[in-house]
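For reference, the structure is listed below as structure tokens.
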């Protein structure tokens, strides 16, 4: 729609695509790569991934997640290393941090809830979005960032 000067304005939602890249072994030369953003059809599957390393029978679910999230060559390489003897194999315990990092880098919520802070009092959940957060002697005017 034109503005008062007759100029059509366009909202630009483009972004600079940067792939998400990682490797799992220091001596390994293979770099795994995921696209800069997840296809909308994969978001729901990705959001369902939770502490998969500690759940029995999760191998295929883990591999399926990576098949959907990684670029094809990386997905094939990861599947081979997870299912066949290779020089640089890995298991679910090594993939759990990668899953968490990918979910976080795609803007999905953390896969596990934060641990409750020890000691101290908690705030009334109806008055603060930081309910349950523990702070050392903070006052209402205190705007310090609290590390979790």
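Read-outs throughout are calculated quantities, based only on the coordinates presented, and are distinct from any laboratory measurement. Computed from a predicted model, the values in this text were never measured in an experiment. Heads up, the Cβs are rebuilt from the backbone with ideal geometry, glycines too, and the neighbour counts pull from every protein chain shown.
Data table
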read-out	value
Ranked packing of 73-86, 15-28, most packed first, by mean Cβ within 10 Å	73-86, 15-28
Added length on full extension, which subtracts the Cα-Cα distance from 0.36 nm per residue, residue 79 to residue 60	5.9 nm
Three-way shape label, the stretch 40-105, alpha-carbon gyration tensor, a/c 1.5	oblate
